[in-house]
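The values are calculated or read from the model by the stated rules, or taken from the named source; none is laboratory data. Source: prediction; values computed, not measured. Note that each Cβ is placed from the backbone with ideal geometry, even for glycine, and that neighbours are counted across all protein chains shown.
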Amino acid sequence: MIPTRFDVIVIGSGAGGSAAAYHLVRSGLRVLLVEKGRHLPVDGSTLDVQRVVHAGEFLSRERWVDARGRGLVPEEHFNVGGKTKWYGAALLRFAEHEFEPDAPHGCRGWPIGASALAPYYREAEQLLGVRTFACEPDLARILARAAPDGGAWKALPMPMGLSPEILAHRHEAQHFDGFASARGLKAEADRSLLSLIRDDERLTLLTNAEVTALVGDPESQSRVLGIRLRDGREFHGRRVLLAAGALHSPRLLARYLESHGLADRLTAARHIGRHLKLHLLTALVAASPRRISDLIRKTTVLINPRFPHSSVQPLGFDAELIASLVPKWVPSFVSREVGSRAYGFFLQTEDGSAPQNRVHGPASADLPPVLDYDESRLPAARREHRMLTRAFRIALIRAGLVTFTRRIGLAGTAHACGTLVCGADPSDSVVDTEGRVHGLEGLHVVDGSILPRSSRVNPSLTIYAWALRVGDLLARELAAEAASRGKFSVLTHVA
């Protein structure tokens, strides 16, 4: 029988939810971790290109619409470990200047500096086993011509969450970027964090459980004290942590405020779901006359001072996956040949914060949620991304490679963030510097929806670090509350 009362309830088991749950359990607290999906199979099916890429077997089927009412299905994953099971294992810190506002580019600033996250970045890197891999021969030859030493393009080692053992397992090494490891060779929330507390009696992991509502205190609706599942079960906790992701956490919060008459009373409510950031993303294929034999591929990140909000990283795609990026009108035998001779690259540019870019629930329960995002609202970012793409293509062409590109569309939500933006002022943000929702008691946010900036790199490591920090602060807070009531004091962990 699962108990109904806990110290902390965490909604979602991705980077933020798992990191917070790990820290809180290690601090001696009883935690309920609720996941909408199930554990992924380890039978190799999560490495099958046909099932993962072409059939989309492990993706969410939730239907959304864009601002014009056109249907789409965002590339979301509901499973234990969330997107971290599938992501490309790139674990980079945000640069110190990326915590500062950048008005010309439309970027808000963080209410905390990089130093506040520094110890939690270190802890996350240790837990995830972050390391670098040597640049492989084919990529080294490409970069020697396209990004030579002393030029504008600077190649840096890519911090990766991969086990060194992956080099001995060719199929896994060729299928980690966008696939879930069957051998546990990729650092992700389930393997690197939850596995450390899975046997701890203070953790209760509830899978295949969809949270449909937050539950408030009958005597004070501004205090959240639990959750309700689709099957009607309720669970209560001293604190509730939202970690369902940037597309889903704001909808739960907005639903609670609307159903309890708080939407017009809380200043922060007007920002819920706004400031959505996705990164401007382009996949680029560079074909060469010679066959490619590199294994990991994703070993380097490229930056250029001309494009201060952008980065370029190789895709960890083998020939079969590269072939899937070739235009559909190209005959399949040509696509396969191109794939065997090509390298894939991922170009990304930080998008600014436009309040009009948002997610919101439907006016009626019978309608799908809305993903309203238009990069034309971000002219500086769009201009830089176009210039970045053109400059990198020119560098590759001069190096003797043939290139073609594919923009990642609105359904590409792997880097979604910003929809419950963090800030010191409730008139301009939803979450405060310690993860608490402005104007509410008992509710914190630990997923990517708090990020005021998306930076020029992947946000995963920053989400882990933020959640570890909130978990640490919350553990201390609950210990102080217990001590003040004269009860036992939980142990707290100092990162």
Residue pairs qualifying under the 8 Å Cβ cut-off, at least six apart or on distinct chains, with the first in segment 334-348 being in contact (Cβ under 8 Å) with a residue 40 or more places away in the chain and the second being acidic (Asp, Glu) and outside any helix (DSSP H, G or I), are Tyr343/Asp294
Cβ pairs under 6 Å, 6+ apart or interchain, first in segment 294-317 and more than 15 Å from Leu396 (Cα to Cα), second part of a loop (DSSP other than H, G, I, E, B) and of a type in the set (Gly, Ala, Ser), ordered by first then second residue, are Arg297/Gly316; Lys298/Gly316; Gly316/Gly88
Just one listed residue, out of Gly435, Gly400, Gly486, Gly439, is at positive phi and not assigned by TED's automatic domain parsing to the domain that holds Trp64, and it is Gly400
When segment 406-460 is checked residue by residue, the ones that are hydroxyl-bearing (Ser, Thr, Tyr), surrounded by 20 or more Cβ atoms within 10 Å (Cβ to Cβ) and assigned to a loop (DSSP other than H, G, I, E, B) are Thr413, Thr419, Ser429, Ser454, Ser455
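Take Val49 and tell me if it is closer than 24 Å to Ser324 by Cα and surrounded by 12 or more Cβ atoms within 10 Å (Cβ to Cβ). Let's see the steps before the verdict.
Details: closer than 24 Å to Ser324 by Cα: yes; surrounded by 12 or more Cβ atoms within 10 Å (Cβ to Cβ): yes.
So Val49 fits the description; yes.
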Per the list (1) closer than 30 Å to Ser288 by Cβ; (2) of a type outside the set (Gly, Ala, Ser); (3) in contact with a His (Cβ under 8 Å, 6 or more places away or on another chain), residue check on His54 breaks on (3)
If we keep only residues of segment 104-129 that are free of Cβ contacts under 8 Å to residues at least 60 places away in the same chain and among the aliphatic types (A, V, I, L, M), then the residue surrounded by the fewest Cβ atoms within 10 Å (Cβ to Cβ) is Ala118
Within segment 280-321, of all residues that are assigned to a loop (DSSP other than H, G, I, E, B) and touching a Ser or Thr at 6+ places or on another chain (Cβ under 6 Å), the one surrounded by the most Cβ atoms within 10 Å (Cβ to Cβ) is His309
Output for Cβ contacts, cut-off 8 Å, separation at least six or different chains, first residue free of Cβ contacts under 8 Å to residues at least 40 places away in the same chain in segment 375-401, second buried (at least 17 other Cβ atoms within 10 Å of the Cβ) and among the small types (Gly, Ala, Ser), reads Arg377/Ala354
Expected output for segment 472-487 (first residue in contact (Cβ under 8 Å) with a residue 12 or more places away in the chain, partner among the basic types (Lys, Arg), Cβ below 7 Å, 6+ apart or cross-chain) is Leu474/Arg239; Leu478/Arg238
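Based on what the data block shows, is Ser45 touching a helix residue (DSSP H, G or I) at 6+ places or on another chain (Cβ under 6 Å), under 30 Å from Val370 (Cβ atoms), modelled with pLDDT of 95 or more and among the small types (Gly, Ala, Ser)? It would help to see each step written out before you state the result.
Details: touching a helix residue (DSSP H, G or I) at 6+ places or on another chain (Cβ under 6 Å): yes; under 30 Å from Val370 (Cβ atoms): no; modelled with pLDDT of 95 or more: yes; among the small types (Gly, Ala, Ser): yes.
It is false that Ser45 is touching a helix residue (DSSP H, G or I) at 6+ places or on another chain (Cβ under 6 Å), under 30 Å from Val370 (Cβ atoms), modelled with pLDDT of 95 or more and among the small types (Gly, Ala, Ser).
Residue check: is Val42 β-branched (Val, Ile, Thr), under 21 Å from Asn208 (Cβ atoms) and assigned to a loop (DSSP other than H, G, I, E, B)?
yes
Identify the residue in segment 88-103 that is of a type in the set (A, V, I, L, M, F, W, C) and within 15 Å of Ser115 (Cα to Cα) and, among all such residues, is surrounded by the fewest Cβ atoms within 10 Å (Cβ to Cβ). Step through it out loud before you land on a result.
Applying the first criterion (of a type in the set (A, V, I, L, M, F, W, C)) to segment 88-103 yields 89-92, 94-95, 99, 103.
With within 15 Å of Ser115 (Cα to Cα) added as a condition, the list becomes 94-95, 99.
Working: Phe94: 22, Ala95: 14, Phe99: 20.
Among those residues, the one meeting the criterion is Ala95.
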Checking Asp190, Asp149, Asp177, Asp200 in turn, the sole residue that is closer than 30 Å to Phe392 by Cβ, touching a residue at least 24 places away in the same chain (Cβ under 8 Å) and among the acidic types (Asp, Glu) turns out to be Asp177
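Does segment 375-384 contain at least one residue that is farther than 30 Å from Ile272 by Cβ and touching a Ser or Thr at 6+ places or on another chain (Cβ under 8 Å)? Before the answer, list the steps.
Kept after step one, since they are farther than 30 Å from Ile272 by Cβ, are these residues of segment 375-384: none.
The answer is no, given that none of the residues of segment 375-384 is farther than 30 Å from Ile272 by Cβ and touching a Ser or Thr at 6+ places or on another chain (Cβ under 8 Å).
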For segment 4-26 the number of residues that are within 18 Å of Cys417 (Cβ to Cβ), part of a helix (DSSP H, G or I) and hydroxyl-bearing (Ser, Thr, Tyr) is 1
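Within segment 30-39, can you find the residues that are over 19 Å from the mean Cα position of the chain (by Cα) and assigned to a loop (DSSP other than H, G, I, E, B)? It would help to see each step written out before you state the result.
Of the residues in segment 30-39, the ones over 19 Å from the mean Cα position of the chain (by Cα) are 30-32.
Correct list: Arg30 only.
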(message) Could you go through segment 263-273 and let me know if any residue there is modelled with pLDDT of 95 or more and under 17 Å from the mean Cα position of the chain (by Cα).
(response) yes
If we take segment 163-257, then strands (runs of 3 or more DSSP E) inside it with 1 or more residues that are under 19 Å from the mean Cα position of the chain (by Cα) and crowded, with 17+ Cβ neighbours inside 10 Å are 234-242
